[in-house]
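One structure is given here, and the rest of the page talks about it.
The values are calculated or read from the model by the stated rules, or taken from the named source; none is laboratory data. Computed from a predicted model, the values in this text were never measured in an experiment. Positions of Cβ are backbone-derived with ideal geometry, glycine not excepted, and every protein chain shown enters the neighbour counts.
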Amino acid sequence: MIAPFLSQVLRISVPYLFAALGGTFSERGGTINIALEGILLTSAFAAAVTTYFTHDPWLGLAAAVLAGLLTALLHAVICVTFRADQIVSGIAINLLAAGLTKFLLKEIFGSSSNSPRVEGLPEWHLAGVGGIPVLGDILRSPLLLLAAIGVPVGHFLLYRTPFGLRLRACGEHPEAADALGVSVTRIRYTGILISGAVTALGGAWLALDQHSFTDGMSGGRGYIALAAMIVGKWSPLGAAGGCLLFGAAETLQIRLQGGAVPTQFIQMIPYLLTMVVLAGFIGRAAAPRMSGVPYRKEE
């Protein structure tokens, strides 16, 4: 019973992992990215539509990343260039993504609920791993493997490279970074675009793993990923731990359905856990000092 449960936790955690990792790069640079939900939705839609018309899920994955980059670019222009309120921008993008994908779904497929079935990414059949629980699942699935590798790579990039140092400096003390010749605008743009590209992988997973796009299929995962990032104290490794926790809660929710407990209460489990965990961690987790504060260079 344990191995299937853990395998399901991993698969459910994939979009949370990508979104939380992407959000970490954005917020470490000083830009709050509430738009993770919208990025998941637009990238999932792009993956499904492209795969449907080309019959190539790899092109669908590339289209998802492009859609994530464009959505993140919109957030970057609004927040970094025009210095608008980052929370308002993120919420507006989420609403835009929800409405636009529903409209295009109706226009392209004639349905306001879901797209036709599309192909998923092929799994690698590697000799000797099929009988290894959990590890076999990771090695067979390209996006699962990428998520597993991406967390330590993201941690290394953030804490062991000059770019990571500059990104964190722009989120903590942009004036000092600017005084040392670092372009705060360019670094913040880069952090947001990385956020969009990485989060888009989670959107592609949703569409290609479920073999279709469903209206509103992000289902609040972007917001839960933000909670996981806060629980993980804006660290890729910590955020991954938070994502696995929420993935376990969602797996438990699925497995408890059909029992004596009312379905409506079971469906509340991931969101109740989000509120409980945030209530316990939000006071102790310190965000980057200038996160959410537009940088205005003094002349």
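For this structure, a couple of remarks:
- Within segment 1-44, the residues that satisfy the criterion of being of a type outside the set (A, V, I, L, M, F, W, C) and surrounded by fewer than 24 Cβ atoms within 10 Å (Cβ to Cβ) are Pro4, Ser7, Gln8, Arg11.
- Helices (runs of 4 or more DSSP H) completely within segment 24-111 that count 1 or more residues being touching an Asp or Glu at 6+ places or on another chain (Cβ under 8 Å) and not polar (S, T, N, Q): 57-76, 86-109
- Here Leu244, Leu206 are screened, and the one residue that is crowded, with 16+ Cβ neighbours inside 10 Å, at pLDDT 90 or above, aliphatic (A, V, I, L, M) and over 22 Å from Val65 (Cβ atoms) is Leu244.
- Screening segment 71-83 for residues that are on the phi < 0 side of the Ramachandran plot and touching a residue at least 60 places away in the same chain (Cβ under 8 Å) and picking the one that is surrounded by the fewest Cβ atoms within 10 Å (Cβ to Cβ) gives Thr81.
- In segment 45-60, of all residues being surrounded by fewer than 24 Cβ atoms within 10 Å (Cβ to Cβ) and not acidic (Asp, Glu), the one that is nearest to Ser113 (Cα to Cα) corresponds to Val49.
- Any hit, segment 1-23, residues being more than 24 Å from Asp215 (Cβ to Cβ), over 15 Å from the mean Cα position of the chain (by Cα) and part of a loop (DSSP other than H, G, I, E, B): yes
- For segment 136-161, the set of residues classified as closer than 20 Å to Leu206 by Cα and outside any helix (DSSP H, G or I) consists of Ser141 only.
- Filter result for Arg83 (in contact with a Lys or Arg (Cβ under 9 Å, 6 or more places away or on another chain) and charged (D, E, K, R)): yes
- Neighbours by Cβ (under 7 Å, 6+ apart or cross-chain): first from segment 172-195, over 17 Å from Arg83 (Cβ atoms); second of a type in the set (Ser, Thr, Tyr) and surrounded by 15 or more Cβ atoms within 10 Å (Cβ to Cβ): Ser195/Ser26
- Output for segment 85-111, where each listed residue is touching a Cys at 6+ places or on another chain (Cβ under 8 Å) and touching a residue at least 60 places away in the same chain (Cβ under 8 Å): Gln86
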